Every structure is written in structure tokens, then in C-alpha cells.
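Have a look at the structure below, then the notes.
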Amino acid sequence: MKKKVVFVLLVFLFSFYCHAAESIKVPMIYNNWNERIIVFGDTVIPNQPYHCCAYDGKQQKFWLHIAEEHTSTFNQININGQIEETITITFGSFGAWDNGPFFVYDNLAVVWAYTKKNKMIIVNLETKEFKVFDLSKYSYYPVYGFRDNKVFIFNNVEDKVKYYDCLTGELFDAKTDLQGYGFMPFGNAYVGLNKKGKIVIQKFDTGEIIETKIQGIRKRTSGDVNDRYYMTEKYLYFSKKDRGYSFTHGIQLFFAKFFYDLNHEPIPHKWYRYSLETGEIEEIKTDYPFINLLGVVEE
């Protein structure tokens, strides 16, 4: 009798978690690290090694960065996977880091210099001019965002997001109590979890707090959060654990943990969007369970 009860419960749980809820189709741009591809709406682009990609949410442009010894080439790719524009910048005696940090916001690209210790390059993709910023007096921090002459970086020792002001040359701590948080350039806000594990938006300029009732993914480090959040002026895109996938691929996921840091083991996701105006939540259809969301093409 007990075996029958357990069997019925398992079938119920399987059906519950695998139930295909009605979802919307949104033109998303994301890395699928498991398949080494970039998905741009309905277009699949092979992601070649050492080619970095970034989405400019302000200008709604998708860029590939290819670094050589003393030059960087920036290719703007349209939603059909075709090259719209190619820009090549010559730096002189140094070059950018292949497969290093790469961000674009409002036609300004951030790359890292590989022949200069802890130095950053900001390239204006309109004027073709560039500036080099020396961060060598600071310990190395991964770069996770850029907006308004501020570069958002992460200190993995303190588990804190900091930002470097390119105008003053100073480094500042993020003023927030959020956990597992990151900076959203297009939304100009931090997004993370409060102590109850609910997703919270904190505006960078005003400090305004927008609390949601959405339970987020706990026990994740701060900084790089594009496997969890993306924010625009209209929506907060967020992910939750795909329990149906976890149920059907439990053994595979268990062994995958041995090949990854425990804070970064692959977690299958389902994606949703939260309307900042109405609070409505809609599930988004994606074809892959493991993605890093670079951006969304919105009308």
C-alpha cells in the first residue's frame, strides 16, 4: 500500500512540475553555454572561442568583439544574424584582452587591456575614439556592468559590488543590503534578494526600493547575475529553478556539480517577466534550460 502511495505521489509531482504552462515568446538574446551558441530571437549564432558578445540595451544593438594583438574589431549583428556594421580600433602598443570583460551601453564599449596591468579601455563606437583608465592601484575585480561613466565591478573577497567613477578615478561601494545582487545598466538599478529571499529592485540614483513578492534563487554570489535577472524600463526579467527539468535530469545535474564551483553549478531555469507598471507576471518560452541573458529586444 505504501509503495502505491509513493508511486502516486511521484507521478503527481512529475505531472505538476512538468506541466507546460502557457508561455509567451519574447525575442531574447542569450548565451547557451552548454551548446556554445548565442540565441538572438529565432536566430542561432555559433559562439566561436575568444569572441565576446554584449547587448546595448539603450541602443538595442548586439555586438561581437574580436581582439587581436593591437586592434579590436566590433561587429554589430542584426536579429537575422547578419553583420550590420564593422568597426576596427587600433590601440597602438597594446591590445584588448581576448575573451575578457566586454560591455556596451549607449554606444560606449568597455574592454580590458591585456598588455597593461589592470587597465581598462572605453571605446566610443560612434566617434571611434578611446580612453584608457588605470585601475592598477586596486586589486583586480571582474567587470559586470557600465553606465554613465561608472564601471560596476565585483570584489569576490567581500562579496560586494563596487563601482569605479571614470570622471573622478575613485572606487565606491554599492550602498545596498541586498544579497546575491548585481547592477542592471538599462534599468539603472541593483537587483537582488532581501533577507526573506524576495526579489528587490533598488534604484541607483535615488535609492528607491521596489519590493516584489517573487521568491528568488538563493545562495548565489553577487556581481554576475545574468543567469537570474535582466531589467528594462518596462520589465524585470527573472528566472526560477526549473523543477521539472531537475526532476527528470537529477542524476545528470548531480554529477555536473563535481565539475563546477558549488556557487556556480548549473541550475536549470525557467524565465519570466514582471511588469514594473502592473505587477503582472508572464512565463517566457525558451528552448534551453541553461542560459545567460544578455538582453531583450523590446518595441
_Any pair with Cβ under 7 angstrom, 6 or more apart, that starts in the range 272-293 at a residue that is touching a residue at least 40 places away in the same chain (Cβ under 8 Å) and ends at one that is of a type in the set (S, T, N, Q) and crowded, with 16+ Cβ neighbours inside 10 Å_ = Tyr274/Thr212; Tyr288/Asn32; Phe290/Asn32; Ile291/Asn31; Ile291/Asn32; Asn292/Asn31; Asn292/Asn226; Leu293/Asn226
*Pick from the range 68-108, criterion among the charged types (D, E, K, R) and open to solvent by less than 70 Å² (accessible area, probe 1.4 Å), ranking: modelled with the lowest pLDDT*: Asp98
*Filter the range 158-172 for residues that are hydrophobic (A, V, I, L, M, F, W, C) and touching a residue at least 12 places away in the same chain (Cβ under 8 Å); which is most open to solvent (accessible area, probe 1.4 Å)?*
Leu167
*asked:* Being open to solvent by less than 30 Å² (accessible area, probe 1.4 Å) and at positive phi narrows it down to one residue among Asn149, Asn118; which is it?
replied: Asn118
_List pairs: first residue in the range 173-200 and closer than 14 Å to Asp159 by Cα, second residue buried (at least 20 other Cβ atoms within 10 Å of the Cβ) and among the charged types (D, E, K, R) anywhere in the structure, Cβ distance under 7 angstrom, at least six positions apart or on different chains._
Gly180/Arg220
*Test Thr176 against the criterion of being among the hydroxyl-bearing types (Ser, Thr, Tyr) and surrounded by fewer than 15 Cβ atoms within 10 Å (Cβ to Cβ), and give yes or no.*
no
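The values are calculated or read from the model by the stated rules, or taken from the named source; none is laboratory data. For clarity, every value in this text was computed on a predicted model and none was experimentally measured. Ideal geometry is used to build each Cβ from the backbone, glycine not excepted, and the neighbour counts take in all protein chains shown. The protein model used for the area step is the full one, side chains on, heavy atoms only, and it has no ligands, DNA or RNA in it. Shrake-Rupley method; radii C 1.70, N 1.55, O 1.52, S 1.80 Å.
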